[in-house]
Amino acid sequence: VGDQLLEALAAAVGAGHVLADDDRRARFEVDWTGRFRGRARAVVRPADAAEVAAVLAACRAHGAAVVPQGGNTGMVGASVPRGGEVVLSLARLRDLGAVDTAAAQVQAGAGVTLAEVQAQARAAGLDAGVDLGSRDSATVGGLAATDAGGTHAMRYGTVRARVAGVQAVLADGTIVDRPPLLKDNAGFDLSALLIGSEGTLAVITGVRWRLVPLLTSRVAALVPLPSLEDAAALLAAIRPRLATTLHAADFFLDEGLQLVLDHDGLPAPVRTRTPVYVLLECADRHDPTPDLAEALEDAGIADAVVADDSAERRRLWRFREGHAEAIAAAGIPHKLDVGVPLARLPEFAARARDEIARVAPGARPVIFGHLGDGNVHVNVLGPDPDDDAVDEAVLRLAAACGGTISAEHGVGVAKARWLSLTRPPGELRAMAQIKRALDPDGTLNPGAVFDPTAG
Ligand SMILES: Cc1cc2nc3c(=O)[nH]c(=O)nc-3n(C[C@H](O)[C@H](O)[C@H](O)COP(=O)(O)OP(=O)(O)OC[C@H]3O[C@@H](n4cnc5c(N)ncnc54)[C@H](O)[C@@H]3O)c2cc1C
């Protein structure tokens, strides 16, 4: 007896792009962290928006749920199946247009990677305005669906600020594609609604990406500090001075640095170990080094490691960007990406450590993040993947500190249960109404963002 769903999917995209065998599905069924996995009914790989619409029609007709997937670098378990869904991979939507330099925009298919957008923009004298460690795999569709942040958000905003328009297929097969106009307020902005919707409202097939000036002169500085209070004070002191050039201010702690050094076999960046490191980067058309050096000196910093050539800058960034891989090599982490007001970040980090020790004695926290955005990545090694006591404790603490349970990774399935910690009932009701209006059958990414166990 033939499987009617598989036959309908094959009719939509061609049999060669419906992966039903265990070994061909496997890599789509587990997330980057290894914490989330599930069996897919099939993995389907459409080539364009029309094929995406046909896939959604087939799934609707056969009552199959759909999990959209881009580069599968998401951290909250929402890009992989929970059990029995169809994984809709957007990896083949790879059209990348020529840069429109007059508009400072480029059109990119959902499956184009961030690194490819960056390269295309830079070749035309512009830049993507977004950067993150997963740049070689994370896709335009995934970045928009999660409203990703990254290291330059303090200067250019999150992905939302980079999107001039989204092309998407709604659950009922409607293809949404507004003209690429910067100013277009004729009616609701559906693009804005889809950014950060994590595959629950529509399937994004392309993005009109807004570019920023290419700033080729860059300098980075790694600043060792005694405490996170000092890190926050440093940022407060230098930010006004470097208002037009500072584009990254990340932090990590000695515990994370040691993990990266061991994993990568690298020498330490400074002679004396200190509890906290802040990594600053400035970019401009003219050399920003003197301004940064002066600002650091005035802030009383004498021992920063300054890197003004690109190899040396990459070396410093490796200490920060190597965290995700070094942690993953040490075990399956619980990844809690939260945001707190900068003034409360030191208090949050200290209390998070206490809370983790209380609910999971022996667990190993690794804390780092984007200082400029108050965005803290609390990674916890030790507890079982299914034991979410640390998740609950840390998310409750973030909310108690006036923050959010998700700053840039999204809610996904990992945090759906706790969304009510930061969104009041009225807002949750409005979100549920929007979900019902756009996806009445609940086809798109069930279990993500919305708590499936809530009434
Ligand atoms: C080493 C490393 C560093 C990272 N650093 C950062 C960082 O600094 N900042 C940051 O924000 N994130 C970071 N991430 C997380 C991740 O890269 C981002 O969330 C990214 O936006 C996910 O893109 P993706 O294409 O891999 O999406 P996926 O992981 O495939 O999917 C993520 C979510 O988007 C949905 N989705 C994907 N494509 C579509 C589509 N076309 N239409 C509708 N829904 C879709 C999925 O259903 C899922 O809910 C990092 C990840 C890694 C591994």
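A few points about this structure:
- The length gained by stretching the chain between E297 and E347 to full extension, at 0.36 nm per residue less their Cα-Cα distance, is 15.3 nm.
- Shape of the stretch 191-337, Cα gyration tensor, a/c cut at 1.5: oblate
- Net charge of neighbours whose Cβ lies under 10 Å from the Cβ of D22, counting Lys and Arg as +1 and Asp and Glu as -1: 0
- Within the accessible area of the chain (1.4 Å probe), percent carbon and sulfur: 51
- Sorting 203-210, 246-253, 384-391 by average packing, meaning the other beta carbons within 10 Å per residue, from highest down gives 203-210, 246-253, 384-391.
- Dipole of the chain, positive end: most advanced residue of Q4, H370, T216 [Cβ charges, Cα centre]: Q4
- By average C-beta atoms within 10 angstrom, highest first, the peptides 44-54, 117-127: 44-54, 117-127
- Span-like helix ranges in the chain, DSSP H, alpha carbon extent 27 angstrom or more, Kyte mean at least 1.6: none
- Taken per residue, the accessible surface of the chain reaches 41 Å², heavy atoms only and a 1.4 Å probe.
- Extension gain for D23-D264 works out to 83.7 nm (0.36 nm per residue, less the C-alpha to C-alpha distance).
- Amide H to amide H, with H built 1.01 Å from N, Q167 comes under 5 Å of T205, G206, V207, R208, counting only residues 5 or more places away or on other chains.
- Added length on full extension, which subtracts the Cα-Cα distance from 0.36 nm per residue, D48 to S137: 30.1 nm
- Considering only N445, H409, M431, and ranking their Cα positions along the charge dipole of the stretch 405-455 that arises from unit charges at the beta-carbon of Lys, Arg, Asp and Glu, the one farthest toward the positive end is M431.
- Each residue of the stretch 405-411 is assigned a 3J(HN,Hα), and the resulting list reads 6, 8, 9, 9, 7, x, 8 Hz, derived from the Karplus form 6.51 cos²θ - 1.76 cosθ + 1.60 (θ = phi - 60°), x at Gly and Pro.
- Here's the list of lysines a cross-link from K335 could span, going by alpha-carbon distance under 28 Å and ignoring same-chain residues fewer than 8 apart: K415, K435.
- Peptides 432-443, 161-172, 67-78 ordered by packing proxy, namely the average of other Cβ atoms within 10 Å per residue, highest first: 67-78, 161-172, 432-443.
- Distance distribution P(r), the chain, all Cα-Cα pairs, bin width 20 angstrom from 0: 25, 56, 19, 0 percent.
- Histogram of C-alpha separations across the stretch 88-210, 10 Å bin width, %: 14, 50, 32, 4
- Spin-label model, E255/D100: points 7 Å from Cα along the beta carbon direction are separated by 4.9 nm.
The values are calculated or read from the model by the stated rules, or taken from the named source; none is laboratory data. This is a predicted model, so every value here is computed, not measured. Counting neighbours? That spans all protein chains shown, and the Cβs are built from the backbone with ideal geometry, glycine included. Just the protein is used for accessible areas: all its heavy atoms, side chains included, with ligands, DNA and RNA removed. Shrake-Rupley method; radii C 1.70, N 1.55, O 1.52, S 1.80 Å.
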